[in-house]
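Worksheet: the structure to be examined is printed underneath.
The values are calculated or read from the model by the stated rules, or taken from the named source; none is laboratory data. Since this is a predicted model, take the numbers as computed values, not measurements. Here the Cβ is made from the backbone with ideal geometry for all residues, glycine too, and neighbour counts use every protein chain on show. These accessible areas exclude ligands, DNA and RNA; they are computed on the full protein's heavy atoms, side chains included. Shrake-Rupley method; radii C 1.70, N 1.55, O 1.52, S 1.80 Å.
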Amino acid sequence: MNEVFEELRAALHQVWNRRWLALAVAWGVCVLGWFVVAMIPNSYMSQARLYVQLDDVLSEQLDISGDGRQEMTRVRQTLASKVNLEKVIRGTRLGEDIATDGEMQGAIDDLTKAVTIKSEQDNLVEIAATIGKSDLSDAENAKLSQEVVQSLIDIFREENIAGNRGEVADTIVFLDQQLEDRKVELEAAEQRRLAFEAQYPELIGGSGSVGNRLQTLQTEMRGVDADIAAAQSALAGISGQLSGTPRTISMPGMGGGASAALAQAEAQLAGMRSRGLTDSHPDIQATERQIQLLRRQASREGDGSVGAPNPAYSSLVAIRVERQANLQALQARKAALQSDISSLIAAQAQEPEVAAEANRISRDYEVLKTKYDELLQDREEMRLRGQVQTERSSLQFQVVDPPAVPRNPAAPNRPILLLGVLFAGLAAGAGTAFVMSQLQASFTTAEKLERVLDLPVVGTISRSMTEMRQAQQRKQFKQFAGGLAGLVGVCVILLAVEFIQVGSVA
């Protein structure tokens, strides 16, 4: 540890002995460094933040909303493209001195490094531009950075609104062309279908349709058979009731007797049977026993009554006529169905190639019609989307922080550079003095001499100075301190000038 301390003390002594050289080197390095720092142009950064609304209530209500985040990502990524940056250059002072394509490409490359576009959140986009041209003043650089950001915002608006409308218009034109082509094909398919149906009316719809029709007819035939069975049963029941009902009823001369009671009982029996009561019903059985008893009484009374039409018999006759007509209609429907079924079966069996052709024509027609309807729906939806975007953009955005003219430079950090040059100059001066001392074969301490030569040192001679020499040395020290203080003072003045200049930028 003592050796390290001795080496450090010796190095400081060597530098102090050559302090004027160190001070001269420090002044030279600092002046040169400060001049270089002064030549670095200030770069001013202007930035803006945009809030983008991804959810459009009208578009969602009409079910035509797209992927807003994907659309915003596309616009953000293409905003800093070469085409857009060229628009910015030509619209600002950056393009005033550009005459060749090479100069334009260089300007685009420089502006690409100067422009940053990033997303702070899902709905916030930050646009920043840093401009520092040496041929422009600080105020002009600050104003130019604000103009660049504003141009990028205008391009963002144009890409969002006009770009989307152009895409919608191009899509509508493409869909119109496709619809016209599909319309021609669909009309040709309709003509082929009509010609085939006129030649083979029984195979309309193709073999698959014939099979479906045959299955439908067979199902309908089974339903008609069930209806015929029910109608026959109902007709048999009404005929049975009619056979047990007399045509006329006897009216006694005095308005009473067994004959009148018999007619009344028979009418009651007919009414019960018309309601659907069977012979095993207790009321039917009791009425039949009463009718048998009244018939024996009426036979003993003789013909003392007057005959009249039985209204129950007339009602039953009308019901039977209606049910007979219904049965005949069902039988005629069955015969027609049977004829259609036989015709379809014969057509399938005798002309399989024609049936296959019918199936192909029907399939082609349905495919073309479905595709045409889908294209028509897409075209109308795209038109509606275009109308919506004409009034309002798919991405609604507002400028949260508009671009302003910056007052403070973003780069370089000139105060730090000035202080760094000062410390670098002092370090360069001290290093130069130390290196020069190492080039001379001298020893600053007796211990170092003894250690290097490996010989014992008997003693040392102290230096004594006269009063005139001491006064001269004090004067030199004051001069050195003044030179060093002047160096620091110049740095302080440069820092003050820098702060004043920064505050005066408008």
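Key figures
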| item | result |
| --- | --- |
| Some residue of the range 420-431 being over 30 Å from residue 41 (Cβ atoms) and at pLDDT 70 or above | yes |
| Residue 129 at pLDDT 80 or above, hydrophobic (A, V, I, L, M, F, W, C) and open to solvent by less than 30 Å² (accessible area, probe 1.4 Å) | yes |
| One residue from 472, 398, 440 being open to solvent by 60 Å² or more (accessible area, probe 1.4 Å) and at pLDDT 80 or above | 472 |
| Condition check for residue 386: more than 30 Å from residue 197 (Cβ to Cβ) and at pLDDT 80 or above | no |
| Flag if residue 131 is more than 17 Å from residue 81 (Cβ to Cβ) and of a type outside the set (Ser, Thr, Tyr) | yes |
